[in-house]
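The block underneath contains the structure these notes are about, expressed in structure tokens.
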Amino acid sequence: MTARERRAAFLACCAIVIGSSGLAANAEEGSPAAILRLLQGDLPPAADEIAPARPSRPAGPGLAHLPPLQGDARLEGEIDGVRWTLPVTAEQAERGVTLRLAQTSALAVAPELSTLDLTVNGIPVDSHPIDAPEGAARDIAIPAEVLVPGYNAVDLTARQRHRVDCSAEATYELWTDIDLARSGIVAAIGARYPTLDDLAALPREPDGGITIRIVQPTLDAAGTAATLTALRNLVRGSGFEKVSVLWGDTAEGQATLDLFVGPSTRWSGLGRAELTTTERPILVDATQGRPTTVLVATDRPEPARALATFAATGPRGSVHGMEERERAQDVAVPGERRSFASFGLVDETFVGQRYSRAFDLRLPADAYPADYGDVEFELAFAHVAGLRPGSEVRVRINGAIRASLALTANERRVHRRKSLQIPLGAFRPGVNRVAIEATLADAADLSCAPLDRVEAKPRFALSAQSTLRLPKLASVVRENDLAGLTAGSTTPLDLIIPTPDAASLSAAATLSLGFDAGTADLRPVRLGLGLGAVEQAGKDAVIVAPLEALPTAFADAIPGLAPGALQTAWMPSEADAIGRLAARQAPRRADAADPTLEVALSLPETERVAPTIDVLSDWEAFNAGAPTSEPEGLWETILGAAPDLGEFLDRPEMSGQELSAVLQDPGDAILARIEQPDGRTATLLTARDGDALMRAALGFGDPAHRDAITGAAIAFSETEAGSQRLQGSWGAEGPRWRPGSFSPGNLRLILAGWFSDNAFAYAALMLGALVVAGGATSQLLGRVGRRFDAEGVR
Amino acid sequence: MTRAWFAFWAGTVVVVALVATQPIGLDAQFSFGLAGLALMLTIRLLRAKGAWRSVFLVIAGAIVLRYAYWRITSTLPPVVEPIDFGFGLALVIAELYAAAMLVLNVFVVSDPATRPDERLRGAPESWPRVDVLVPSYNEDLDIVGTTLAAAKNMDYPADKLRVLLLDDGATEARLKSDDPVVRARAEARRDEMRAFAEELGVDYVARRENAHAKAGNLNAGLGRCDGDLVLVLDADHAPAADFLTRTVGHMQADPRLFLVQTPHFFLNADPLERNLGLHRRMPSECEMFYAVTQRGLDKWDAAYFCGSAALLRREALNEAGGFLGRTITEDCESALDLHARGWHSAYVDRAMVGGLQPETFDALITQRSRWAQGMMQILMLSNPVLKSGLSWPQRLGYLSAGLFWLFCFARLTFMLAPVAYIFFDLRIYVASLQEFVAYTLFFLAACLLVREQIFGAVRWPWLSEIYEYAQSPYLAWAVIRTWLNPKAPSFTVTAKGATLEEHGLSPIAWPLLGLFTLLAVTTGFGFWRVAADLHGDELLMVVTGWSVFNLLVAGVSLGVVAERRERRRFPRLEVDVEGVLTIEEAAYPVRVRDAGLGGVRVESLSGPMDVEGASTGTLTYEGTSFGCSVAMKGLNVRIAGRNGQGPAKGVGLMFDELTAVQRREIARLLYPSSERFERLRRSRQKARNFTAGTIEFALWAVYQVARGLSYVVMDVWRRLSRLQVRPAAIEGNVR
């Protein structure tokens, strides 16, 4: 069968699928009914059922979940807060929305003294007592006056007091959980999202993510590249925080958003072609009752240009909302003094005895933080007189107390610029959690009468004009560090999909969205299909494939694993492994000789055993009515097996120093920096199977996990209970790095950083150098100036 | 080969500098500081010599460099807080000055020269002719006469030795002064001095006027003689008999040598030694300079002229146009000029003159102010760094000598900085306690170790701080005046041979009293703040500790300005010759136990002597003193120092009306050989254990504060009672 014949067969297959669903179908290529059916699919009854790949917890009908929280959903202690952005459509902004906050609080929390305060775009909207020991949901009306179309900033602050205990220790018993699965915008399911700008307000899934289903009629390299570009532009323009991509050309998948990228002839018979104009070349089909669909025609230049413009413009929203979004990607600039206000903190007074406010400080991913410099804090705060000894202000970095300042016990003090220096070594590249804490016990705490404190006066105030300043940072490129993948680089990247099946494409697309994080513009990505594309790739190549699609040498090159370890772990038996390994040799040779990008459609008939033909063979078999190797269908298999991805990755607290040399367990999937047989390096995402591959890609795409991606190899695994584990490794050779720049200043800082991390080496080196210098000095002194012996001057 | 070694050395220094100026973390700094100090201590405890001495100094240099780098880059207050920044910058500059001086000193004394003896060469007929110039202004005959007599006693062919008294106290201008008192004094002085000079065989030279002070006087003397070499002796610097035999040989050995400088050795106590009761216990203050620094300078051919006890080559002086007088430190200025002309200098580390130093605190300040002003003038008018013809070591040597006098500002800054922090909460030192330990303590420890290693034998612990602090308020003003007008300072003669009839506060004590009060209040307030803020600012505790140290220094300094009574004008030297004392026709065989310019003390060899106070008689003795034959016949004496009645084993005798010959005999008895001075000098050059010295320092502080305050009360009481007691015979005239 020639490529043309196979293409015709594929298109015919689409029609058959449509016809088989029972709707009016026309097997003719480009049938309007068929495409319509393809786009409509089976509609889910509720939003939280859209993507079974995500946590599916009960939610009330008509409840649209919220984007991911900027922080922990548990509000602890006497004061704690969480911020996030609330996207609304123009219509919602005009009418106002109702926000449902589901919460559960500790029994110790005294309702009379505890409140949950909500502000939207800096304007107080609601304050209600915290009284939910058994869980409760509160509907809060957010008036139209405070909303603007797009993203709005929401700040939720819990102020909690203990019912009976006034000790500082008791404050650790205070907590309120925000139940994300039961929170959201009420009655948003019925909302419509008729324009590109409205897409930002699409209901999120319970974990705050969104699933986009790709519908691509023709699986060729050019079409796939166009689809990928459209996807990235759409995500960038809409501002979706956490995206899972399902690459499928059937209507069986379930998603929040369907993205159709293909020739407009595909829907020309739908009567919708006329809806696209030169001014509005992208068609957003927001038909009630089914996923919003975006149709991008590839046979005209306007849609692609429009999407590019959409991405370049970026999402919109209120000033507070956009600041909040920018903060998530905000990388601190060395030498720049930043106020706490720029991190979202506000001037605040505090009544209790254990104050804590935290924010994220993001260091550049290529930073090499060590003790060659100090982060200089200048705190502006005040406290009352009468504090008991032991009261202090502390700065906690990534969970560890790094600086403290005792508070004067017997007098009121106002500090306008109290300086605290924290060595840079306390920080790490990427996100650092900075917490400003104060312990403020006074005599009244000894004679505990909680209810008398209703009128208590503030003991402490922190000004948002407090500042911090980063020193100059050493820049290093960790050549074998996966952090570079999400480091905000703008250099072109080769995305190689050796076997462009649905799982690989989905994983690659999901992963590619992570490349754009933190960059002003989309990172140039060159798509390569087929294993042969590996050889043509540049120095930044990312290979996405299940293990069985990879040559042995690739798996054996994974740092931290012994050669063959992956095959042993992931292959059920030796015979099976041998069989699979043997089967892999043929396509590898064929791919090596096949430079074309249209791998899937140009493979010779005899080589269909290659994994790359999965999609095509399934479609052909389905079209012919013959039983397939995947009777339930490729997508059903994938989606049906998808576990609760929301908990796939707990936010790991990893840093380069904690990584081991050996991967104890390869888990289910591995992301690694490998050295290819020809000596070039590449990033490899591989998994036990396509299912795990997709889940791993989703994990990497999650912004909450992005900063934890470090080391030469990371293994993902999950237990039977559903919890997941992430383990990193530098491999036997350890981190391999080179200077980010060879400027004297950078080299000096790198050297200073290394010395700081290796104190004894520094001392030894210095003493060695000094002993040599002393010896040289002695020799020189014997040769210069006057020298005397018994006979006088020599 | 030397170039190769220099290149290698420079390479190691560059590597060390690069590594030492890395902005490393506290752990690395702490590790290095600890390891460095441990190695320094090991070298010191093992008394390792040779290359290890250099290693010791290089490690100290690296610790200092790291501290300086850290202070500049990490501890300055932000510029946006100008008051904090200004005070912080002043403190940093003061510390950097101290660090720079340490480095300069380490360079200067990196390999002190130990010069072998250079005996006279050839037959005496071929020896160069020597003119001895003794400039005088207001010193009395007891002082000048002894110096002239000792000069005449020097072992050198009489036909090649000429002594000139350059009397600026009786110039024609003073003889014709409108002031009758000045005129009368000048006339009396001229008659007395001229007569004595003629009797002694010394040339008497008096100028028309006192132009260009000491330099002018010396140049006038140069014009009245033509010897090959010139020995300059201050009026109170009596030379030992072997002075020329130990110095002229150096001139013979090197025809391009313009100077042979020898140490100034003082027989009496300076105010600090006397008032703290440390005389003859601890090394003299000037020993730090003469026993170490001048030897270090000699290594680099940079030993310079110190105004006296130095032999100079006339040819070189003629080339320079005589002694230079642009500044009031003509000695250093002249040496600088001659070094720049390519002449060499030598330093012979053997005390060969016995001199007097200022007895009172205000006289000391007068002297030191002149030195400070003169060196500032040199820096401003003839800067050694810019002067052509000098080698770089010479430039650094002179620079070190000049910059030293800025210590007054650094010391005052160190003393007052805690006040700014404790009283006014000025953030002048941005650092944590950990940083203070890792940097500042190691820096201080390294400085102390270096000082102990280099100067330990000649300077007890904490004495430098006391000397510097006690002078600082006064010298600071003198230096500032010089900055404002470099040509304004005038030569002020230092008073010598003064006595104090009663205990009392120095008339210029009030600045130190005020500072002590301020520091005491500051320290008390600091303690109050620490106590009130138990868990408070850790830097406050450090600064309060610093203030305590300052208070101790100020407390001891209070004792320095609490002047003890001193009734003896001239110090006594131990002698041991036998003779006969005849009093009212009774002859007593006696042993002369000590002697001075004004008298002797004798002990009877045959039982108690029945003598009355103030009775007169004669003393005859004969014997040897340090290998030199001494004999005196019929020396008129008076009984002194006897309060009681009845027979006495030992009595003090005062000289009456000495003739020139008798003065020569007294001088021979006192200064027979430089060996006398050297023994005294070496006996005092003993290192003091640091811990014991520190404890003693603290005890001094307690005692001297009590003594100083009691003097304050006494002074106030005297003023109230209109019983003013003034120091006698202090005369500090200004030319």
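Examine the range B:57-75 for a residue that is under 31 Å from the mean Cα position of the chain (by Cα) and surrounded by fewer than 20 Cβ atoms within 10 Å (Cβ to Cβ), and state whether such a residue exists.
Checking the range B:57-75: at least one residue is under 31 Å from the mean Cα position of the chain (by Cα) and surrounded by fewer than 20 Cβ atoms within 10 Å (Cβ to Cβ).
Any residue that is closer than 24 Å to B:GLY397 by Cβ and in contact (Cβ under 8 Å) with a residue 24 or more places away in the chain - is there at least one of those in the range B:267-278?
So far as the range B:267-278 goes, no, none of its residues is closer than 24 Å to B:GLY397 by Cβ and in contact (Cβ under 8 Å) with a residue 24 or more places away in the chain.
For residues in the range A:398-412 being within 30 Å of B:TRP528 (Cα to Cα) and not in a loop (DSSP other than H, G, I, E, B), which is nearest to the other protein chains (Cβ to nearest Cβ)?
A:ALA406
Please count how many residues of the range A:470-494 are touching a strand residue (DSSP E or B) at 6+ places or on another chain (Cβ under 8 Å) and either at pLDDT below 90 or not aliphatic (A, V, I, L, M) (or both).
Residues flagged as touching a strand residue (DSSP E or B) at 6+ places or on another chain (Cβ under 8 Å) and either at pLDDT below 90 or not aliphatic (A, V, I, L, M) (or both) within the range A:470-494 amount to 15.
So, in the range B:198-214, of the ones that are under 30 Å from the mean Cα position of the chain (by Cα) and in a helix (DSSP H, G or I), which residue ends up nearest to B:SER334 (Cα to Cα)?
B:LYS214
If A:GLY373 satisfies all but one of (1) touching a residue at least 60 places away in the same chain (Cβ under 8 Å); (2) more than 10 Å from every other protein chain (Cβ to nearest Cβ); (3) at negative phi, what's the number of the condition it fails?
(2)
Which one is farthest from the chain's Cα centre (by Cα) among residues in the range B:105-122 that are among the aliphatic types (A, V, I, L, M), assigned to a loop (DSSP other than H, G, I, E, B) and more than 10 Å from chain A (Cβ to nearest Cβ)?
Here the answer is B:LEU120.
Kindly evaluate B:ARG481 against the criterion of being modelled with pLDDT of 80 or more, within 14 Å of another protein chain (Cβ to nearest Cβ) and in a helix (DSSP H, G or I). Don't jump to the end; show me each part of the working.
Numbers: modelled with pLDDT of 80 or more: yes; within 14 Å of another protein chain (Cβ to nearest Cβ): no; in a helix (DSSP H, G or I): yes.
Considered against the rule, which asks whether it is modelled with pLDDT of 80 or more, within 14 Å of another protein chain (Cβ to nearest Cβ) and in a helix (DSSP H, G or I), B:ARG481 comes out as no.
So, of the residues in the range A:172-190 that are more than 17 Å from A:ARG83 (Cα to Cα) and at pLDDT 90 or above, which turns out to be surrounded by the most Cβ atoms within 10 Å (Cβ to Cβ)?
Within the range A:172-190, the match that is surrounded by the most Cβ atoms within 10 Å (Cβ to Cβ) is A:LEU174.
Which condition number in (1) away from every other protein chain (no Cβ under 14 Å); (2) closer than 30 Å to A:GLY782 by Cα is the one that B:LEU218 fails?
(2) is the only condition that B:LEU218 fails.
Would it be correct to say that B:VAL521 is without any contact (Cβ under 8 Å) to a residue 40 or more places away in the chain and either under 30 Å from B:TYR439 (Cα atoms) or in contact with a Lys or Arg (Cβ under 7 Å, 6 or more places away or on another chain) (or both)?
Yes, satisfied.
Within the range A:130-151, how many residues turn out to be more than 24 Å from A:GLY344 (Cα to Cα) and not in a loop (DSSP other than H, G, I, E, B)?
Here is the first cut: in the range A:130-151, the residues more than 24 Å from A:GLY344 (Cα to Cα) are A:131-139.
With not in a loop (DSSP other than H, G, I, E, B) added as a condition, the list becomes A:136-139.
Adding up the residues that qualify gives 4.
Inspect the range B:598-617 for any residue being in a loop (DSSP other than H, G, I, E, B), touching a Phe, Trp or Tyr at 6+ places or on another chain (Cβ under 6 Å) and at pLDDT below 90 and give the result as yes or no.
yes
Out of the residues in the range A:755-788 that are of a type in the set (D, E, K, R) and more than 7 Å from every other protein chain (Cβ to nearest Cβ), which is surrounded by the most Cβ atoms within 10 Å (Cβ to Cβ)?
A:ASP757
Pick from the range A:111-149 the residues that are buried (at least 20 other Cβ atoms within 10 Å of the Cβ) and small (Gly, Ala, Ser): which of them is farthest from A:ARG74 (Cα to Cα)?
It comes out as A:SER114.
Determine whether B:VAL58 is part of a helix (DSSP H, G or I), within 11 Å of chain A (Cβ to nearest Cβ) and in contact with a helix residue (DSSP H, G or I) (Cβ under 6 Å, 6 or more places away or on another chain).
It is true that B:VAL58 is part of a helix (DSSP H, G or I), within 11 Å of chain A (Cβ to nearest Cβ) and in contact with a helix residue (DSSP H, G or I) (Cβ under 6 Å, 6 or more places away or on another chain).
Determine which single condition B:GLU584 fails, assuming it passes every other condition in (1) surrounded by 16 or more Cβ atoms within 10 Å (Cβ to Cβ); (2) more than 24 Å from B:PHE265 (Cα to Cα).
With (1) surrounded by 16 or more Cβ atoms within 10 Å (Cβ to Cβ); (2) more than 24 Å from B:PHE265 (Cα to Cα) applied to B:GLU584, the lone miss is (1).
Can you work out which of the residues in the range A:379-397 that are farther than 15 Å from A:HIS415 by Cα and in a strand (DSSP E or B) is nearest to the other protein chains (Cβ to nearest Cβ)?
Ranking the qualifying residues of the range A:379-397, first place goes to A:LEU387.
Within the range B:409-428, take every residue that is among the charged types (D, E, K, R) and within 14 Å of chain A (Cβ to nearest Cβ) and give me the one that is nearest to B:MET101 (Cα to Cα). Please lay out each step first, then the result.
Narrowing the range B:409-428 to residues among the charged types (D, E, K, R): B:411, B:425, B:427.
When the remaining residues are screened for being within 14 Å of chain A (Cβ to nearest Cβ), the result is B:425, B:427.
Values: B:ASP425: 30, B:ARG427: 26 Å.
Filtering the range B:409-428 for residues that are among the charged types (D, E, K, R) and within 14 Å of chain A (Cβ to nearest Cβ), the one nearest to B:MET101 (Cα to Cα) comes out as B:ARG427.
Can you pull out every residue in the range B:371-399 that is aromatic (Phe, Trp, Tyr) and under 18 Å from B:HIS344 (Cα atoms)? Before the answer, list the steps.
In the first step, residues of the range B:371-399 are kept if they are aromatic (Phe, Trp, Tyr); the result is B:371, B:392, B:398.
Within the range B:371-399, B:TRP392, B:TYR398 meet the criteria.
Taking the range B:433-454 only, how many residues are under 24 Å from A:VAL375 (Cβ atoms), crowded, with 18+ Cβ neighbours inside 10 Å and not hydrophobic (A, V, I, L, M, F, W, C)?
Residues flagged as under 24 Å from A:VAL375 (Cβ atoms), crowded, with 18+ Cβ neighbours inside 10 Å and not hydrophobic (A, V, I, L, M, F, W, C) within the range B:433-454 amount to 3.
Residues of the range A:727-753 being over 19 Å from A:VAL662 (Cα atoms), surrounded by fewer than 17 Cβ atoms within 10 Å (Cβ to Cβ) and small (Gly, Ala, Ser), which ones?
The answer is A:SER741, A:SER743, A:GLY745.
Give B:ALA10, B:ALA51 a once-over and let me know the one that is more than 30 Å from B:CYS408 (Cβ to Cβ), touching a helix residue (DSSP H, G or I) at 6+ places or on another chain (Cβ under 6 Å) and of a type in the set (Gly, Ala, Ser).
Result: B:ALA51 is the single residue among B:ALA10, B:ALA51 that is more than 30 Å from B:CYS408 (Cβ to Cβ), touching a helix residue (DSSP H, G or I) at 6+ places or on another chain (Cβ under 6 Å) and of a type in the set (Gly, Ala, Ser).
Which condition breaks for A:ARG428 when tested against (1) of a type outside the set (A, V, I, L, M, F, W, C); (2) part of a strand (DSSP E or B); (3) touching a residue at least 60 places away in the same chain (Cβ under 8 Å)?
Looking at each condition in turn, A:ARG428 falls short on (2).
Taking the range B:123-148 only, how many residues are surrounded by fewer than 23 Cβ atoms within 10 Å (Cβ to Cβ) and either assigned to a helix (DSSP H, G or I) or among the polar types (S, T, N, Q) (or both)?
6
State all residues of the range B:1-32 that are among the β-branched types (Val, Ile, Thr) and at the interface with chain A (Cβ under 7 Å from one of its Cβ atoms); if no residue qualifies, say none.
Hits for the range B:1-32 are B:THR2, B:THR12, B:VAL13, B:VAL15, B:VAL16, B:VAL19, B:ILE24.
Take A:HIS415 and tell me if it is modelled with pLDDT of 85 or more, under 18 Å from A:ASP347 (Cα atoms), away from every other protein chain (no Cβ under 12 Å) and more than 33 Å from the chain's Cα centre (by Cα).
Values: modelled with pLDDT of 85 or more: yes; under 18 Å from A:ASP347 (Cα atoms): yes; away from every other protein chain (no Cβ under 12 Å): no; more than 33 Å from the chain's Cα centre (by Cα): yes.
Considered against the rule, which asks whether it is modelled with pLDDT of 85 or more, under 18 Å from A:ASP347 (Cα atoms), away from every other protein chain (no Cβ under 12 Å) and more than 33 Å from the chain's Cα centre (by Cα), A:HIS415 comes out as no.
On the given criteria, is B:THR517 within 20 Å of B:LEU416 (Cα to Cα) and either of a type in the set (S, T, N, Q) or part of a strand (DSSP E or B) (or both)?
It is true that B:THR517 is within 20 Å of B:LEU416 (Cα to Cα) and either of a type in the set (S, T, N, Q) or part of a strand (DSSP E or B) (or both).
Among (1) buried (at least 24 other Cβ atoms within 10 Å of the Cβ); (2) assigned to a helix (DSSP H, G or I), which single condition is B:GLU273 missing?
(1)
The values are calculated or read from the model by the stated rules, or taken from the named source; none is laboratory data. The structure displayed is predicted, hence computed values, not measured ones. As a convention, Cβ positions derive from the backbone with ideal geometry for all residues, glycine included, and neighbour counts pool all protein chains shown.
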